[in-house]
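Notes for the one structure printed next.
Just so it is clear, none of the values below were taken in a lab; they were calculated from the coordinates. Here the structure is a predicted model, which is why all the values come from computation and not from measurement.
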Amino acid sequence: MGRRDLLRHRPFTAAAEAPREVVDAGDLGYWPPGRAFCIFFGPTPVSHGDECRPASPVNVVGKVVGDARVFKKVRAGTRVTIERQ
């Protein structure tokens with residue numbers, strides 16, 4: 001099974017704030033241990049069944065508007081723009 005999340009390492013740190021071990025498809029999260037912003041769109045290698053489970057708990061900071069499965073087509077290195085609605 002391949003990854004069903006996108007990670008982008010950020011040059012800042014933030015503490016865990018109500019971290020979640022399991023998230024929903026379409027959730028946007030900050031992963032404190034990896035200092036990474038994540039977009040979840042399906043099961044990950046550590047998921048049980050169809051759940052979206054990060055490698056370790058994440059802070060959920062937003063939600064994709066629309067079908068997050070479109071991220072399955074994104075290749076490594078592709079620039080993705082996130083806009084607030």
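Over the chain, Cα pairs under 8 Å with separation of 6+ residues give a relative contact order of 32 percent. Kirkwood analysis of the chain, using all unique Cα-Cα pairs, places the hydrodynamic radius at 13.0 Å.
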